[in-house]
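S.K.: Dropping a structure here in structure tokens format, bear with me for questions.
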Amino acid sequence: MAPSIPPTFWPIEQLPGLSLAEQRSLQSCDIQTTADLLNIARTTSQVEALARQLRCPPKFVRKWAALANLARVPEVGCTYCGLLLHAGISSPQQLAQASPHRLHPQILRLHVATLRRRDLTPTASQVSQWIHQAQRL
């Protein structure tokens, strides 16, 4: 069995899809990193409390927490966590169970459909590396 790898955490402003106002709201709640967000939004009641504090729907906090959780996989980071979430992968545990032969074509279709550029799509070997890292977290 391969040794585990440490998760990677990022400044909250690097999390994709957050507006400047949302970043500031999170920072005003002392959430500076993706680790801070994951620590404060572990349970449903914590998510709901944070959503009340931020004055936003709980689904936003759940989405941000899912992105932060996926970004823990070093090679995924904040660059590809949104792509994985839109492809239906919502956690490193789910990524660890994914088949690279099914996930890569799915990501390719999604990327081409949204960006209209095949050249920016992660390679099959990158997707395999993400799965391998997720298994080792």
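The values are calculated or read from the model by the stated rules, or taken from the named source; none is laboratory data. Note that this is a predicted model, so its numbers are computed, not measured. When we count neighbours, we look across all protein chains shown, and the Cβ atoms used for this are built from the backbone with ideal geometry, even at glycine.
S.K.: How many residues are within 13 Å of W64 (Cα to Cα) and loosely packed, with under 13 Cβ neighbours inside 10 Å when one looks only at the stretch 18-38?
M.R.: Going through the stretch 18-38 one residue at a time, the tally reaches 1.
Rundown of residues vs (1) within 21 Å of I131 (Cβ to Cβ); (2) modelled with pLDDT under 95; (3) touching a Gly at 6+ places or on another chain (Cβ under 6 Å); (4) of a type in the set (D, E), yes/no style:
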residue: I31; (1), (2), (3), (4): no, no, no, no
residue: L70; (1), (2), (3), (4): yes, no, no, no
residue: V76; (1), (2), (3), (4): yes, no, no, no
residue: L115; (1), (2), (3), (4): no, yes, no, no
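Residues checked against (1) closer than 26 Å to R136 by Cα; (2) in a helix (DSSP H, G or I):
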{"position": "L37", "(1), (2)": "yes, yes"}
{"position": "R42", "(1), (2)": "yes, no"}
{"position": "R52", "(1), (2)": "no, yes"}
{"position": "F60", "(1), (2)": "no, yes"}
{"position": "W64", "(1), (2)": "yes, yes"}
{"position": "A68", "(1), (2)": "yes, yes"}
{"position": "V73", "(1), (2)": "yes, no"}
{"position": "T79", "(1), (2)": "yes, yes"}
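This table checks each residue for (1) acidic (D, E); (2) touching a residue at least 60 places away in the same chain (Cβ under 8 Å); (3) under 20 Å from P92 (Cβ atoms); (4) touching a Lys or Arg at 6+ places or on another chain (Cβ under 8 Å).
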| residue | (1), (2), (3), (4) |
| --- | --- |
| P3 | no, yes, yes, yes |
| E22 | yes, no, no, no |
| N39 | no, no, yes, no |
| R42 | no, no, yes, no |
| P74 | no, yes, yes, no |
